[in-house]
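The values are calculated or read from the model by the stated rules, or taken from the named source; none is laboratory data. If you're wondering where the values come from, they're calculated on a predicted model, not measured in any experiment. When we count neighbours, we look across all protein chains shown, and the Cβ atoms used for this are built from the backbone with ideal geometry, even at glycine.
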Amino acid sequence: MSAQTLYDKLWNSHVVRQDADGTALIYIDRQLVHEVTSPQAFEGLRLASRRPWRTASMLAVPDHNVPTTNRAAGISDPISRIQVETLDANCAEFGITEFKMGDIRQGVVHVMGPEQGATLPGMTVVCGDSHTSTHGAFAALAHGIGTSEVEHVMATQCLVAKKSKAMEVRVEGVLGYGVTAKDIALAVIGQIGTAGGTGYAIEFTGNAVRQLSMEGRMTLCNMAIEAGARAGMIAADDTTFEYLKGRPFAPEGEQWDQAVAQWRELHSDAGAVFDATVVLDAANICPQVTWGTSPEMVVAVDGCVPDPLNMSIDKREGIERALAYMGLTANTPVTEISIDKVFIGSCTNGRIEDMRAAAEVARGRHIAANVKLAMVVPGSGLVKAQAEQEGLDKIFIAAGFEWRDPGCSMCLAMNDDRLSAGERCASTSNRNFEGRQGQGGRTHLVSPQMAAAAAIAGHFVDVREWK
Amino acid sequence: MKKYTLLDGLVVPLDRANVDTDAIIPKQFLKSIKRSGFGPNAFDEWRYLDHGEPGMDNACRPLNGDFVLNQPRYQGAQILLTRENFGCGSSREHAPWALEDYGFRVIIAPSFADIFFNNCFKNGLLPIRLAADKVDALFRAVEANVGYRLTVDLEAQTITTPDGAVYPFEVDAFRRHCLLNGLDDIGLTLQHVDEIAAFETKHHAAQPWL
Ligand code: SF4
C-alpha cells in the first residue's frame with residue numbers, strides 16, 4: 001500500500017460505507033456532550049422515539065453556563081440554570097455518564113475528556129463544539145459538529161462526511177524562551193489566515209511540535225479551527241502514551257500494551273503526500289498578540305498595530321473597522337497598549353501547565369493598579385486541585401489575581417464573567433470576535449505567560465525580557 | 001426537514017468578510033433549549049442599539065437604522081449576499097436556525113466556514129459558493145437597484161438575475177437530493193443498520209479497549 005498520512009489512516013479505519021461520490025458513513029468512537037448544543041438533539045431523539053446507539057461512547061459535562069464563584073448558591077440566571085438542569089435530566093434519562101457541577105472532574109469539555117483518558121489515539125471524537133479539534137493532539141480524528149449531527153451520532157453512532165484534503169503544518173527548530181504552543185498557533189493563523197485551512201484537516205509536524213508537551217499539543221490543535229480547519233492532529237509518540245497511562249478511561253494491563261503497539265502506527269508514513277504544506281521556523285516565532293477582531297489580526301509583541309494605508313485596498317475597510325472597534329490607532333507599538341482585565345483559562349490555555357507558566361510570571365509580583373480584574377479559571381476541577389496542591393493558587397492570590405472555579409467563563413461570557421463595553425482584556429482564550437467576551441469588549445489573544453505579564457505591567461510586555 | 005423549492009427572492013447585501021457565528025447569533029441566546037424562535041435575534045448586536053437578552057420583547061427595542069437588514073428596501077429579503085468565510089467560529093447550529101427563522105433560504109458568498117456550511121443543509125438553508133468576481137458583480141447590482149431579486153433553482157443549479165444572466169453553481173449531489181426532498185439524514189443512515197453493527201463488532205474486536 002502506498003504511503004498514508006495520519007489523516008488517511010484515521011479516516012480509512014472508520015469508514016463504514018462510502019458512496020461513489022465520496023459521501024461516507026464514519027463510525028464515531030467518542031461523543032462528548034455539553035449543555036449548550038445538546039438539548040435540541042436529545043429532544044429530537046425523544047420526538048422520534050429513538051435511543052442513543054451506544055451510551056458508553058458518550059461523556060457529558062456542563063461547562064459554558066456554570067458560575068466560577070460561589071457555586072454553593074447554584075446558578076443564578078434562570079435560563080442558564082434550566083440549560084444545565086436539562087443536561088442533567090437528559091443524561092439521567094438516557095443513562096449517560098455526566099460529571100455534574102459539584103463533581104471534581106467537571107470542567108471545560110475539551111480539558112475534561114483528555115484528562116480522563118476518554119480521548120485515545122486512533123479514535124474518532126466529536127462534540128457539538130468547534131474546539132473539538134483539541135483532541136486531535138492524541139492522534140485522533142476529532143472535530144466539531146452541529147446539533148443535527150449530534151443527534152445523528154447519538155442515534156446511529158455514525159456521521160455523514162466527506163473526506164477533507166490534508167495539510168501539513170511543519171514547525172522545525174526550537175522555540176525561544178517565553179514562546180509557547182499558543183504563539184505557534186497564532187503565528188500559523190497569521191500566516192495562512194482564518195480561512196487558510198478551510199476544507200483541510202491539518203497535521204502539525206516537525207521538531208518543535210514533537211517537543212511540545214501534551215498540554216502544548218492540545219493548545220495547538222485547539223486553534224486549528226481558528227485557521228479554518230475542522231480537525232487538527234499530531235502523531236502519537238511516547239509523550240502521548242506517558243500522558244495517558246493510568247488515566248481512568250485508558251486501557252490497562254495487557255490491553256494497554258496491545259493498544260500502544262497499535263498506536264505506534266499513528267503517524268504519517270515517510271513519503272506520504274499532503275495536498276498543501278506550510279513550513280515555519282520555530283526560531284522566528286515571537287510571542288504573539290492579536291490586535292483586531294479576528295485571530296488572523298495578529299502581530300509579534302515587538303511589532304505595531306498595522307496601518308490600513310499600508311494594506312491592499314480590499315483589506316483596508318476590514319482593518320479600519322477592527323481598529324475602530326478595538327479603540328486602537330494605527331502604528332501604536334503593541335507594548336504601549338494598556339489593559340483593563342485579564343483572563344487566564346479556557347480550553348486553549350486552562351490546563352495545569354498553563355497555570356504553572358502564568359504563576360511563574362506572577363510569583364512575587366503584583367498586578368498593576370489600572371488592572372480592574374485579573375482572573376484565573378482552571379480548565380477543570382482536577383486542574384484546580386493539582387494547582388492548589390502545588391501552591392499556585394497562593395501565588396496568584398498574593399499577586400492580586402482571582403482564583404476561580406472551572407468552566408468556560410469569560411472565554412465566551414455566557415455566565416456572569418464578562419467585559420463591559422470598551423474594556424480591554426488580555427485573554428488566553430481563542431477568539432477575539434466582536435462581543436465575544438461581552439458586548440463592546442475588546443479582546444487580545446495571548447499565551448498564559450504574556451497574559452500574566454500584562455496583568456503585572458498593566459500593558460502588554462515582551463515576556464522574553466523578564467527572563 | 002423543510003423541502004427546498006424554487007425560489008425567487010429579494011436580496012440583501014451584507015458587505016463584510018469573516019462574519020462569525022457569534023455575530024449571527026450572540027451567545028446569550030444559546031441558552032434556549034429550543035431550536036426555533038431565534039430569528040428576531042439574528043445579528044442582534046448589529047441590528048439593535050441596546051443590548052439584547054433572551055426574553056426581551058424585540059419589537060420594542062431600538063433599531064440600528066444603519067444596519068443593512070433594517071433598511072426598508074431590504075425588508076422581506078430571503079437571499080443573503082455576503083463576503084468570504086461566512087459563518088466562521090463556533091459550531092452553533094443556532095446560527096442557521098436564526099437565519100432560517102429570520103426568513104433566509106439562500107446565502108451567497110465566495111466561501112463559507114466548513115461546519116456552518118454543513119449545518120445549513122440540515123436546516124433547509126442553501127449556501128452557495130460563487131466566485132468572488134461574480135459576488136462583486138451581484139453586490140453592485142443589488143446596491144444599484146431597489147427591489148433586486150434573484151431566482152435560485154436548486155434543481156438546475158442556477159442563479160438567474162433580473163436581466164437574464166445565468167450563474168451556474170456547484171452543490172454536492174447527496175446534499176442536493178436531501179434538500180430537494182426534505183430528507184432526514186438519520187432516517188437515511190438507519191437504512192444501513194446492519195452495516196454499522198457489523199463494522200462495530202469488527203472494530204471493537206480489534207480494539208477491545210474502546
Ligand atoms: S472554553 Fe471557550 S472555546 Fe472552549 S469550549 Fe468553552 S467556550 Fe468554547
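Looking at this structure, is A:Ala330 touching a residue at least 60 places away in the same chain (Cβ under 8 Å) and away from the ligand (no atom under 16 Å from the Cβ)? When the stated conditions are applied, A:Ala330 does not pass them. Here the range A:298-318 is the region considered, the condition is being β-branched (Val, Ile, Thr) and surrounded by fewer than 22 Cβ atoms within 10 Å (Cβ to Cβ), and the residue that is farthest from the ligand (Cβ to nearest atom) is A:Ile313. The single residue among A:Val174, A:Val169, A:Val160, A:Val150 that is assigned to a helix (DSSP H, G or I), β-branched (Val, Ile, Thr) and out of contact with any Cys (no Cβ under 7 Å at 6 or more places or on another chain) turns out to be A:Val150.
Checking A:Val125 against (1) under 24 Å from A:Glu93 (Cβ atoms); (2) hydrophobic (A, V, I, L, M, F, W, C); (3) assigned to a loop (DSSP other than H, G, I, E, B): exactly one of these is not met. Which one? A:Val125 satisfies all of (1) under 24 Å from A:Glu93 (Cβ atoms); (2) hydrophobic (A, V, I, L, M, F, W, C); (3) assigned to a loop (DSSP other than H, G, I, E, B) except (3). Checked against (1) assigned to a strand (DSSP E or B); (2) away from every other protein chain (no Cβ under 11 Å), A:Arg46 meets all criteria but (1). Remark: A:Asp103 falls outside the filter, which requires a residue to be closer than 28 Å to A:Gly216 by Cβ and within 16 Å of the ligand (Cβ to nearest atom). Taking the conditions (1) more than 30 Å from B:Arg175 (Cα to Cα); (2) within 11 Å of chain B (Cβ to nearest Cβ); (3) touching a Ser or Thr at 6+ places or on another chain (Cβ under 8 Å); (4) within 16 Å of the ligand (Cβ to nearest atom) in turn, A:Ser38 satisfies each one other than (1). Where helices (runs of 4 or more DSSP H) sit wholly within the range A:177-268, those with at least 1 residues that are within 19 Å of the chain's Cα centre (by Cα), within 14 Å of chain B (Cβ to nearest Cβ) and under 25 Å from B:Thr21 (Cβ atoms) occupy A:181-192, A:214-222. If we scan the range A:416-430, do we find a residue that is charged (D, E, K, R) and farther than 25 Å from B:Asn18 by Cβ? Yes, the conditions are met somewhere in the range A:416-430. Of the residues screened, B:Asp184 is not one that is over 30 Å from B:Lys31 (Cβ atoms) and among the acidic types (Asp, Glu).
Scanning the range B:80-115 for residues that are at the interface with chain A (Cβ under 10 Å from one of its Cβ atoms), touching a Pro at 6+ places or on another chain (Cβ under 7 Å) and in contact (Cβ under 8 Å) with a residue 40 or more places away in the chain gives B:Arg83, B:Glu84. Cβ-Cβ contacts under 6 Å between residues 6 or more apart (or on different chains), taken from a first residue in the range B:20-35 that is surrounded by 22 or more Cβ atoms within 10 Å (Cβ to Cβ) to a second residue that is of a type in the set (Val, Ile, Thr), are listed as B:Leu30/A:Val36; B:Lys31/A:Ile79. Residues that are surrounded by fewer than 24 Cβ atoms within 10 Å (Cβ to Cβ), within 11 Å of another protein chain (Cβ to nearest Cβ) and either under 23 Å from the mean Cα position of the chain (by Cα) or at negative phi (or both): does the range A:89-105 have at least one? Yes; the residues of the range A:89-105 include at least one that is surrounded by fewer than 24 Cβ atoms within 10 Å (Cβ to Cβ), within 11 Å of another protein chain (Cβ to nearest Cβ) and either under 23 Å from the mean Cα position of the chain (by Cα) or at negative phi (or both). Number of residues in the range A:400-411 that are more than 14 Å from every other protein chain (Cβ to nearest Cβ) and either surrounded by fewer than 24 Cβ atoms within 10 Å (Cβ to Cβ) or within 14 Å of the ligand (Cβ to nearest atom) (or both): the value is 6. Here B:Glu84 passes the criteria (1) assigned to a loop (DSSP other than H, G, I, E, B); (2) within 16 Å of the ligand (Cβ to nearest atom) except the one numbered (2).
Can you tell me which residues in the range B:121-136 are assigned to a helix (DSSP H, G or I) and under 16 Å from B:Leu10 (Cα atoms)?
Within the range B:121-136, B:Val135 is the sole residue that qualifies.
Just give me the residues in the range A:412-467 being touching a His at 6+ places or on another chain (Cβ under 8 Å), modelled with pLDDT under 95 and within 16 Å of the ligand (Cβ to nearest atom), in sequence order. Listed by number, the residues that qualify are A:Leu412, A:Met414, A:Asn415. Enumerate the pairs (first residue in the range A:387-403 and closer than 8 Å to A:Val376 by Cβ; second residue anywhere and of a type in the set (Asp, Glu)) with beta-carbon separation below 6 Å, excluding pairs fewer than 6 apart on the same chain, so at least 6 apart or on different chains. These pairs meet every condition: A:Trp403/A:Asp393. For A:Ala60, the conditions (1) more than 16 Å from the ligand (Cβ to nearest atom); (2) in contact with a strand residue (DSSP E or B) (Cβ under 8 Å, 6 or more places away or on another chain); (3) closer than 28 Å to A:Lys384 by Cα; (4) more than 9 Å from chain B (Cβ to nearest Cβ) all hold with the exception of (1). Across the range A:209-224, a minimum of one residue is classified as small (Gly, Ala, Ser) and within 16 Å of the ligand (Cβ to nearest atom). Can you tell me which residue within the range B:29-44, out of those that are part of a helix (DSSP H, G or I) and within 7 Å of another protein chain (Cβ to nearest Cβ), is nearest to B:Leu81 (Cα to Cα)? Among residues in the range B:29-44 that are part of a helix (DSSP H, G or I) and within 7 Å of another protein chain (Cβ to nearest Cβ), the one nearest to B:Leu81 (Cα to Cα) is B:Leu30.
Taking the residues in the range B:1-19 that are among the hydrophobic types (A, V, I, L, M, F, W, C) and either within 12 Å of chain A (Cβ to nearest Cβ) or under 28 Å from B:Asp185 (Cα atoms) (or both) as candidates, determine which candidate is surrounded by the fewest Cβ atoms within 10 Å (Cβ to Cβ).
Our first condition is that a residue be among the hydrophobic types (A, V, I, L, M, F, W, C); within the range B:1-19, this holds for B:1, B:6-7, B:10-12, B:14, B:17, B:19.
Adding the requirement that they be either within 12 Å of chain A (Cβ to nearest Cβ) or under 28 Å from B:Asp185 (Cα atoms) (or both) leaves B:1, B:6-7, B:17, B:19.
Numbers: B:Met1: 15, B:Leu6: 10, B:Leu7: 17, B:Ala17: 20, B:Val19: 25.
Selected residue: B:Leu6.
Selection of the range A:420-431 for residues being among the polar types (S, T, N, Q) and more than 10 Å from chain B (Cβ to nearest Cβ) yields A:Ser420, A:Ser427, A:Thr428, A:Ser429.
The residues of the range A:360-418 that are farther than 30 Å from B:Ser32 by Cα and out of contact with any helix residue (DSSP H, G or I) (no Cβ under 9 Å at 6 or more places or on another chain), listed by number, are A:Ala369, A:Asn370, A:Lys372, A:Ala385, A:Gln389, A:Ile397. Take the conditions (1) more than 10 Å from every other protein chain (Cβ to nearest Cβ); (2) assigned to a loop (DSSP other than H, G, I, E, B); (3) surrounded by fewer than 23 Cβ atoms within 10 Å (Cβ to Cβ); A:Lys9 misses just one of them, which is (2).
Please state which one of B:Arg61, B:Arg73 is among the charged types (D, E, K, R), touching a residue at least 24 places away in the same chain (Cβ under 8 Å), more than 22 Å from B:Phe116 (Cβ to Cβ) and away from chain A (no Cβ under 13 Å). Just a single option satisfies the conditions, and that option is B:Arg73. Annotation: A:Glu172 fulfils all but one of (1) closer than 20 Å to A:Phe274 by Cα; (2) buried (at least 22 other Cβ atoms within 10 Å of the Cβ); (3) in contact with a helix residue (DSSP H, G or I) (Cβ under 7 Å, 6 or more places away or on another chain); the unmet one is (2).
Can you work out which of the residues in the range A:154-172 that are of a type in the set (Gly, Ala, Ser) and more than 7 Å from chain B (Cβ to nearest Cβ) is nearest to A:Ile26 (Cα to Cα)?
A:Ala161
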